[in-house]
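K.L.:
Can you read through this structure? Questions will come right after.
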Amino acid sequence: MAIRESAQGPEAHPPLPGPKAEGGDEHTRPRARRLEADEAERLAPALALAFRDNPLNRAVIRGTAAQRLRSNRFGMAATLAATRGRATILVPAREAAELSGPDLGGLIAIAPGAWPLPPPPFLAQIEFWLGQGLRISYRWGRVWTELADLHLLEPHWYLEMLGVVPGARGNGVGSSLLETWLEEVDRDRVPAYLETDRRENLDFYARHDFEVLSCHTLCGIPVWRMLRPTSIF
């Protein structure tokens with residue numbers, strides 16, 4: 001939710017296109033790249049930190065920032081276990097705030113027709129339940145069920161998650177991830193859909209042609225559904 005590879009591995013995917021490097025470098029390089037097989041352990045804690053203070057995270061997990069971060073680590077590990085091999089997972093192809101690649105955060109998106117994904121492997125589910133606790137797992141389950149009931153029906157790309165660690169925000173990392181993914185969306189000529197629980201994200205996504213579909217209250221928190229229609233072509 002933006003509020004959240006194949007069995008052959010990352011090398012099985014075509015290279016991602018990228019614009020000219022910043023500063024007018026004549027060489028081209030991607031703004032984002034696909035997650036490598038050995039990088040999930042770096043991406044999970046980065047996403048856990050990126051979402052630690054989100055309104056819905058606070059409402060569902062509660063507790064202190066340290067408690068939310070710990071809980072999030074189990075949640076992100078389960079998310080990556082469920083999505084790897086079945087979703088597009090991008091990380092920055094750059095450095096910012098003395099961090100690089102998956103340490104900065106990442107993007108997880110699900111291709112048309114692939115949502116909903118199957119649950120993560122059984123061991124990952126057990127680790128998630130034990131790590132988060134039954135009450136938190138139950139509250140997240142209610143949120144996911146309500147979001148599933150509201151999910152867009154027509155074929156679309158789904159932005160499950162886009163997160164950047166706090167220290168690297170404002171450096172264009174999130175925009176680079178989003179724009180690289182949207183190039184793939186545009187090639188498929190289908191809408192892109194997401195949810196967000198941060199009001200400040202509305203302008204960010206609007207700059208990339210997303211429109212608000214509706215707003216709903218989950219666990220007392222407003223959550224916006226947004227769509228980037230195919231009419232932008």
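The values are calculated or read from the model by the stated rules, or taken from the named source; none is laboratory data. The structure displayed is predicted, hence computed values, not measured ones. All Cβ positions, even for glycine, are placed from backbone atoms using ideal geometry, and neighbour counts span all protein chains on display.
K.L.:
Residues of the stretch 102-125 being over 19 Å from Glu184 (Cβ atoms) and either modelled with pLDDT under 90 or hydrophobic (A, V, I, L, M, F, W, C) (or both), which ones?
P.N.:
Leu104, Phe122, Leu123, Ala124
K.L.:
So which helices (runs of 4 or more DSSP H) stay within the stretch 40-131 end to end and still have 1 or more residues that are more than 19 Å from Thr145 (Cα to Cα) and polar (S, T, N, Q)?
P.N.:
Helices (runs of 4 or more DSSP H) meeting the threshold: 65-83.
K.L.:
Write out, first by first residue and then by second, each pair whose Cβ atoms fall under 8 Å of each other, whose residues are 6+ apart or on separate chains, and whose first residue, in the stretch 91-117, is farther than 13 Å from Glu39 by Cβ while the second is surrounded by fewer than 19 Cβ atoms within 10 Å (Cβ to Cβ) and β-branched (Val, Ile, Thr).
P.N.:
So the pair list comes out as Pro112/Val190.
K.L.:
Still on this structure, please answer the following. In this structure, is Thr180 polar (S, T, N, Q), within 22 Å of Arg34 (Cβ to Cβ) and surrounded by 21 or more Cβ atoms within 10 Å (Cβ to Cβ)?
P.N.:
yes
K.L.:
So which of Ala206, Ala168, Ala192 ends up being more than 21 Å from Ala81 (Cβ to Cβ) and modelled with pLDDT under 95?
P.N.:
From the options Ala206, Ala168, Ala192, the qualifying one is Ala168.
K.L.:
Of all residues in the stretch 131-145, which are in contact with a Cys (Cβ under 9 Å, 6 or more places away or on another chain) and either loosely packed, with under 15 Cβ neighbours inside 10 Å or over 22 Å from Leu47 (Cα atoms) (or both)?
P.N.:
Selection gives Arg142 alone.
K.L.:
Is it the case, given these coordinates, that Tyr205 is assigned to a helix (DSSP H, G or I) and surrounded by 13 or more Cβ atoms within 10 Å (Cβ to Cβ)?
P.N.:
yes
K.L.:
Read through the list (1) at pLDDT below 95; (2) surrounded by 21 or more Cβ atoms within 10 Å (Cβ to Cβ); (3) in contact with a Lys or Arg (Cβ under 6 Å, 6 or more places away or on another chain), then give the number of the only condition that Phe128 fails.
P.N.:
(3)
K.L.:
Next question, about the same structure. With Tyr193, Tyr205 as the choices, which residue is aromatic (Phe, Trp, Tyr) and in contact with a Ser or Thr (Cβ under 8 Å, 6 or more places away or on another chain)?
P.N.:
Checking each option against the conditions leaves just Tyr205.
K.L.:
Let me ask another. Asn201 fails exactly one of the following numbered conditions: (1) more than 25 Å from Ala114 (Cβ to Cβ); (2) among the polar types (S, T, N, Q); (3) at pLDDT 95 or above. What is the number of that condition?
P.N.:
(1)
Okay, residues lined up against (1) hydroxyl-bearing (Ser, Thr, Tyr); (2) modelled with pLDDT under 95; (3) crowded, with 20+ Cβ neighbours inside 10 Å:
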{"site": "Asp53", "(1), (2), (3)": "no, no, no"}
{"site": "Leu56", "(1), (2), (3)": "no, no, yes"}
{"site": "Ala65", "(1), (2), (3)": "no, no, no"}
{"site": "Arg70", "(1), (2), (3)": "no, no, no"}
{"site": "Met76", "(1), (2), (3)": "no, no, yes"}
{"site": "Thr88", "(1), (2), (3)": "yes, no, yes"}
{"site": "Ser100", "(1), (2), (3)": "yes, yes, no"}
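K.L.:
What is the residue count in the stretch 153-172 for residues that are assigned to a loop (DSSP other than H, G, I, E, B), among the hydrophobic types (A, V, I, L, M, F, W, C) and crowded, with 16+ Cβ neighbours inside 10 Å?
P.N.:
Of the residues in that region, 1 qualify.
K.L.:
Filter the stretch 115-158 down to residues that are closer than 14 Å to Phe74 by Cβ and hydroxyl-bearing (Ser, Thr, Tyr), then give me how many there are.
P.N.:
Number satisfying all stated conditions: 1.
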